[in-house]
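The values are calculated or read from the model by the stated rules, or taken from the named source; none is laboratory data. These figures come from a predicted structure and were not determined experimentally. Because the Cβ atoms are built from the backbone with ideal geometry, glycine has one as well, and the counts that use them run over all protein chains shown.
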Amino acid sequence: MDIQEQLKKIQDEAASQISRIRDKSALEDARMRILGKKGELTMLLRSMGQVPPEERPKVGQMINAVREKVTAQLEALEQEVKKAETAKQLEKETIDITEPRPHVTAGSMHPISLVLDQILQVFTGMGFDVVEGPEVELDHFNFELMNIPKNHPARDAQDTFYINDNTVLRTHTSPVQARTMLSRKPPIRIVSPGRVFRADEVDATHSPVFHQIEGLVIDKDVTMADLKGTLDAFAKALYGEGVTTRFRPSFFPFTEPSAEVDLTCVNCHGKGCRVCKDTGWIEVLGAGMVNPKVLEMCGIDSKVYKGFAFGVGLERIAMLRYGITDMRLLYEGDIRFLEQFRED
């Protein structure tokens, strides 16, 4: 068989093979079989030494013509294969928006978030600014500026998570009060929500991580009556007009005088029940007039300015508001519990 016949055979077989190719793998196989280093055309070129010298230019032109034709056919086929594979991939990835799908249950706000939003709405409506501070706090702000000296029981390692001698996980949100008083000039009217940390055992009413919201007002002629009026307005906004507050004497290093604040039992409305232990009242927060020592340490003249402060436990408020009897339910992430608070 002469070279011309071999070329015709290669060209015809290439055309037949190319017509049957449908994917990249078969395309590459055909390319290597015809044009590769050991391909049919390449081997034919290597046999040019057997061709008489006067015929070599003509034979070379014939081989190159076949090579160019086959190459063009392969390149055209490559584009078609790419388009087909792209179309197939797009078809596979297409979403049929008319196809029925399982119902996806919507999430819900956490009861702590619900209560926090309600409380912030109440206090911002009374003109309070919302201020936040760091959870990892310096001893100076967490204790010293709150009038808690080095030998105070609140510094006991059983109550406080110490990172080092001068750094703690904040035990209350009160450090934000100190930071604010040092950075702002009176009048000051703020609330500060956030997580706090204490070395408590986990049970139905205690957790080592919980949430507070602190309130602080500093101005001229501020009195205990202003504090009581503010907390009365807060209680009524949260629980209704039938709720009021009761102050009982207490002690906190950063307030003087200090008080434990009770609310009318929202379960029995003051008549006495199991929830309030038949007293008609439920303790919910601590409050008092800012200790003059705290004002002076924070650079505020206690002879000119007075103030009051209060701290509310958000878990306590949420449990009262929604009738939750075990604090642990707030942290376990049980969907069956949380979906009760979904607003349709």
Which condition from (1) farther than 24 Å from residue 191 by Cα; (2) touching a residue at least 24 places away in the same chain (Cβ under 8 Å) is the one that residue 274 breaks? (2)
Please count how many residues of the stretch 76-100 are assigned to a helix (DSSP H, G or I) and without any contact (Cβ under 8 Å) to a residue 60 or more places away in the chain. 15
Under the condition of being among the hydroxyl-bearing types (Ser, Thr, Tyr) and touching a helix residue (DSSP H, G or I) at 6+ places or on another chain (Cβ under 7 Å), which residue from the stretch 201-241 is farthest from residue 134 (Cα to Cα)? 205
Condition first: aromatic (Phe, Trp, Tyr), assigned by TED's automatic domain parsing to the domain that holds residue 317 and surrounded by 19 or more Cβ atoms within 10 Å (Cβ to Cβ). Can you find one or more residues in the stretch 137-144 that meet it? yes
Answer yes or no: is there a residue in the stretch 77-88 that is in contact with a Gly (Cβ under 8 Å, 6 or more places away or on another chain), polar (S, T, N, Q) and surrounded by 10 or more Cβ atoms within 10 Å (Cβ to Cβ). no
Restricting to strands (runs of 3 or more DSSP E) lying wholly in the stretch 231-328: which have 2 or more residues that are within 20 Å of residue 125 (Cβ to Cβ) and either more than 36 Å from the chain's Cα centre (by Cα) or not assigned by TED's automatic domain parsing to the domain that holds residue 148 (or both)? none
Does residue 95 count as among the aliphatic types (A, V, I, L, M), farther than 30 Å from residue 210 by Cβ and loosely packed, with under 10 Cβ neighbours inside 10 Å? yes
Mind counting the residues in the stretch 221-259 that are farther than 19 Å from residue 177 by Cβ, acidic (Asp, Glu) and at pLDDT 90 or above? 2
Among (1) modelled with pLDDT of 80 or more; (2) assigned to a helix (DSSP H, G or I), which single condition is residue 109 missing? (2)
What number of residues in the stretch 188-230 are under 34 Å from the mean Cα position of the chain (by Cα) and farther than 16 Å from residue 170 by Cα? 15
Give the stretch 98-136 a look and list any residue that's loosely packed, with under 10 Cβ neighbours inside 10 Å and of a type in the set (Gly, Ala, Ser), or say none. 106, 127
